[in-house]
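The values are calculated or read from the model by the stated rules, or taken from the named source; none is laboratory data. This is a predicted model, so every value here is computed, not measured. Cβ placement follows ideal geometry from the backbone for every residue including glycine, while neighbour counts extend to all protein chains displayed.
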Amino acid sequence: MLFITFANIESKREKEAYLAVAEKIPKLSGVKGVYLTFGARDVVVLHEGPDLKSGVQMAVKLRNIPGIINTETIVCMDIEQVFAP
């Protein structure tokens, strides 16, 4: 399964949180990319895992980084697999 997890960073801890995300998250199993974003969210993490549990676990790992104040994870599903006869 493919997951996209968005995270927001507390402005008081911005530098610390960005550096921690850049150092820790790319090393985790299943992570395909970590990006700084502009707009409603501060960071986006693209990751893969075998089941929904792995998506939740990644969000928890992000939230355990000091300065991350919330996350939102989107589960991506293959359209053909969902609607195949």
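Of all residues in the stretch 26-46, count the ones that are free of Cβ contacts under 8 Å to residues at least 40 places away in the same chain and touching a Lys or Arg at 6+ places or on another chain (Cβ under 8 Å).
Our first condition is that a residue be free of Cβ contacts under 8 Å to residues at least 40 places away in the same chain; within the stretch 26-46, this holds for 26-43.
Then drop every residue that is not touching a Lys or Arg at 6+ places or on another chain (Cβ under 8 Å), which leaves 28.
The qualifying residues number 1.
Going by what's in this entry, would Ser11 be described as in contact (Cβ under 8 Å) with a residue 24 or more places away in the chain and among the small types (Gly, Ala, Ser)? Spell out the reasoning first.
Working: in contact (Cβ under 8 Å) with a residue 24 or more places away in the chain: no; among the small types (Gly, Ala, Ser): yes.
For Ser11, the condition - in contact (Cβ under 8 Å) with a residue 24 or more places away in the chain and among the small types (Gly, Ala, Ser) - is not met.
Out of all the residues in the stretch 51-70, is one or more on the phi > 0 side of the Ramachandran plot and touching a Gly at 6+ places or on another chain (Cβ under 7 Å)?
no
Yes or no, residue by residue, for (1) touching a Phe, Trp or Tyr at 6+ places or on another chain (Cβ under 6 Å); (2) at pLDDT 90 or above; (3) not in a loop (DSSP other than H, G, I, E, B):
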{"site": "Ile4", "(1), (2), (3)": "no, yes, yes"}
{"site": "Glu23", "(1), (2), (3)": "no, yes, yes"}
{"site": "Arg41", "(1), (2), (3)": "yes, yes, no"}
{"site": "Val44", "(1), (2), (3)": "yes, yes, yes"}
{"site": "Lys53", "(1), (2), (3)": "no, yes, yes"}
{"site": "Pro66", "(1), (2), (3)": "no, yes, no"}
{"site": "Ile74", "(1), (2), (3)": "no, yes, yes"}
